[in-house]
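Comments concern the structure below.
The values are calculated or read from the model by the stated rules, or taken from the named source; none is laboratory data. Keep in mind that what you see is a predicted model, and the values were worked out from it rather than measured. So basically every Cβ, Gly included, is an ideal-geometry build from the backbone, and we count neighbours across all protein chains shown.
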Amino acid sequence: MSEGREARLLVLGWNFRGASGPVRDRVAFTSEEVREGLRRLLGRGLVSESVIVSTCHRSEIYGVAEGNGVGEELTRFISDWRGLERDVLEKAAFRRSGAEAARHLFRVAAGLDSMALGESEVLGQVRQALSIARETGSSRAVLHRLFESAVRAGKRVRTETEIGVHPLSIASIAVELANKVFGELSEQTVLLLGAGETGTLFARHVLEAGVRHLKIANRTPEHAEHLAARVGALPVAWESVKRELPSADVVVGTTASPEPVVLRADVEAAMRQRKGRPMFFLDLAMPPDIEPEVRGIYNVFAYDLDGLEDVAAENRRRRVREVPRVEEILEEELGRFLAWFGNLSVIPTVTDLKHRFEEIRDRELERFAPGDRERLRPLADSIVAKLLHEPMRRLKNETDAARKLERLEAVRHLFDLDRD
Amino acid sequence: MHWFGWIAVALYAAAEALAVRSLFRSKGLGAAPALVAAGLVAQFADLELVGRSLGSVPYRTLGGSIALFAWMLGLAYLALVLRHRERAIGPFLIPFVLAFSVLGIVLPSHAPAGPATRGSLFAFHVTLAILADAAFALSFVLSLLYLIQNRQIRRGRTGVLFSRLPALEVIGRMNRTSVTIGIVVLAVSVALGVAWARRVWSGFTDAKLVWALLTLFVYGVMLWMDRRGWEGPRVALLSIFGFLLVLFSYTFVNLYLSQAHVFR
């Protein structure tokens, strides 16, 4: 048996766990570089198929290869191409092969391998990697199936578990909470107090979340005007914050002010003018910008940094609790893929084919008298062996995985090997 | 008897199972609305048969009126789902449809129709009263959802229920709509009822009428306060209180306080 010629899956990669930032930067590829890399890899004949997944936290090269030692060859290829010491690359890399390589991709697609556990962006990146490889012609039967299976598993994880449900960052928690109060946050007016670092970050975040009416107030008006101009918001005078309250649905405090900027009495007055329409306060400042007593006012929702950090921690725990269920789904989908991939192995098909031929031989021999049967048996055996010899040899020596798969399927179909 | 009624009950039960499942599973509305629609058809057939055997409107009786109530509630659910694409209310609303459908079948429904209970004025009066009650029941469920979601938001519980339930603003809007419909319809029903009672009984006051006016008052206060600073949990609580009045009218008032003016 020529086991060494069987197609093998492998992955070589650098991610945030094993590789430092500088190394990751060197092996991070733009989509143009991914195309070039795929073409080079196939050109060198190192692998018969390849897909490269490159995101900010990881660069991974998936391949189908025959024979051993391909991992080292791949490292050498990357070190030549990116001009990096092979030792450095080797030490920072991780390598998996066979079922472990497939399992790794499934975990990546489900967000289990991400820094933010369960994040969904990576699923799109996996899909993107496959489509680039398909355009380049570097993915064929095996990797195509592998990536499609991983994407399907990732989608199932999203719909069947809660791993992606609970938001993790303070800003996204705040936006989700406000969304559930007002429905469409884009229609609401957000008043941002403070144009410093936190204020700038938050302004970006709410604008990305679709907010269209953003007002910015800062003790130093130039800063508010500057930030407002940069992000496309409306600057308001610091002195008029109290007057702005009734028209603000969401108020976010990010100033360094030693005393609260928004007092309970201000909010009570604003709520009267708003005729009870809810208000949403988010205090990211330390010490607080918004008097904590605001919380007690009817239909006012108020959160501070501590509270939201608790929510974030709780949400992280909830995501972790979902991991076993996620893994169950992944194993189920992985099992399906591996069963298909296992069919790529020649041995089961050859064994089945042999059995089928022997069955026919035995059935035909039954028709003869026992004495004749014994005399005819050597002849029948020899015919079966001769008929099987050439097809078996050819199947075993086929090196192209896609073609091999087609032929194996053809044999199984023509001789009805999947009958039982 | 009531073959179609039981088929409807089975369909509603299946719809509830699917609705609960779809809350936690895949996207889209799922098959629950279709099952409810099929249940409505079956239940309509049941009401039709009952009406023919009575030679009157089917809701002359207590069972019939409750069955019609369930039917209208199912219709309201369907309208809400199709209009707002809001599947989260299904699991909470369909149990009411289911429970009242069962009650509608098992409660007595063999009152012979006297001459007083014929005619289109009477039919409109009863139908509208039941429609109003269905609208109030819907508001009751929406108010419960409002309180649940309000609590989730305040506690920062951003789980599945949080993400599936609509925003407070949306629930509040749906609630306003259904209460407005309920008030208008109940007011018309009361007016028709009074006109009909004058013709048949020549002058009458009764506990049920008083109760209906009280219900109108409570829901009127709710709508008014909604714009006067009570928007939020207080309005939801008022709506729940209003529905308790409706239930009380259906049970206690119907059985003990009112004499001629009852579903038997």
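The table below gives the values:
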read-out: Within segment A:293-308, considering residues that are in a helix (DSSP H, G or I) and under 19 Å from residue B:168 (Cα atoms), the one nearest to the other protein chains (Cβ to nearest Cβ); value: A:295
read-out: Candidates B:34, B:38 - the one that is aliphatic (A, V, I, L, M), modelled with pLDDT of 85 or more, assigned to a helix (DSSP H, G or I) and buried (at least 16 other Cβ atoms within 10 Å of the Cβ); value: B:38
read-out: Subset tally (residues that are touching a Leu at 6+ places or on another chain (Cβ under 9 Å), within 13 Å of chain A (Cβ to nearest Cβ) and either small (Gly, Ala, Ser) or in a helix (DSSP H, G or I) (or both)) for segment B:163-192; value: 4
read-out: Subset of segment A:180-207 (residues that are buried (at least 19 other Cβ atoms within 10 Å of the Cβ) and within 21 Å of residue B:146 (Cα to Cα)); value: A:180, A:181, A:182, A:185, A:188
read-out: Any hit, segment B:129-146, residues being within 27 Å of residue A:304 (Cβ to Cβ) and either facing another protein chain (nearest Cβ under 9 Å) or not polar (S, T, N, Q) (or both); value: yes
read-out: Unique residue being within 19 Å of residue B:245 (Cβ to Cβ) and surrounded by fewer than 16 Cβ atoms within 10 Å (Cβ to Cβ) when the list is B:184, B:218, B:190, B:179; value: B:184
read-out: Matching residues in segment B:147-162 - criterion: being away from chain A (no Cβ under 11 Å) and within 24 Å of residue B:79 (Cβ to Cβ); value: B:147, B:148
read-out: Residue A:333 being of a type outside the set (Gly, Ala, Ser), touching a helix residue (DSSP H, G or I) at 6+ places or on another chain (Cβ under 7 Å), more than 30 Å from residue A:388 (Cβ to Cβ) and more than 14 Å from chain B (Cβ to nearest Cβ); value: yes
read-out: Strands (runs of 3 or more DSSP E) within segment A:1-79 that include 2 or more residues of a type in the set (Val, Ile, Thr) and surrounded by 18 or more Cβ atoms within 10 Å (Cβ to Cβ); value: A:49-54, A:58-66
read-out: Residue count for segment A:121-177, restricted to those that are within 30 Å of residue A:309 (Cα to Cα) and away from chain B (no Cβ under 14 Å); value: 6
read-out: Output for segment A:254-282, where each listed residue is in contact (Cβ under 8 Å) with a residue 24 or more places away in the chain, more than 14 Å from chain B (Cβ to nearest Cβ) and either among the hydrophobic types (A, V, I, L, M, F, W, C) or closer than 19 Å to residue B:153 by Cβ (or both); value: A:256, A:261, A:262, A:263
read-out: Extreme residue, nearest to the chain's Cα centre (by Cα), among residues of segment A:45-83 that are under 20 Å from residue A:403 (Cβ atoms) and among the charged types (D, E, K, R); value: A:49
read-out: Subset of segment A:240-253 that is within 14 Å of another protein chain (Cβ to nearest Cβ) and in contact (Cβ under 8 Å) with a residue 60 or more places away in the chain - its residue that is farthest from the chain's Cα centre (by Cα); value: A:249
read-out: Candidates B:212, B:195, B:236, filtered to the one that is within 14 Å of another protein chain (Cβ to nearest Cβ), part of a helix (DSSP H, G or I), touching a residue at least 40 places away in the same chain (Cβ under 8 Å) and out of contact with any Pro (no Cβ under 7 Å at 6 or more places or on another chain); value: B:236
read-out: Members of segment A:72-82 found to be out of contact with any strand residue (DSSP E or B) (no Cβ under 8 Å at 6 or more places or on another chain) and either without any contact (Cβ under 8 Å) to a residue 40 or more places away in the chain or of a type in the set (A, V, I, L, M) (or both), listed by number; value: A:72, A:73, A:76, A:77, A:79, A:80
read-out: Selection count, segment B:59-80, where residues are surrounded by 22 or more Cβ atoms within 10 Å (Cβ to Cβ) and in contact with a Lys or Arg (Cβ under 9 Å, 6 or more places away or on another chain); value: 2
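Conditions tested, residue by residue: (1) assigned to a helix (DSSP H, G or I); (2) in contact (Cβ under 8 Å) with a residue 60 or more places away in the chain; (3) within 12 Å of chain B (Cβ to nearest Cβ); (4) farther than 26 Å from residue B:236 by Cβ.
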site: A:287; (1), (2), (3), (4): no, no, no, yes
site: A:311; (1), (2), (3), (4): yes, yes, yes, no
site: A:326; (1), (2), (3), (4): yes, yes, no, yes
site: A:337; (1), (2), (3), (4): yes, yes, no, yes
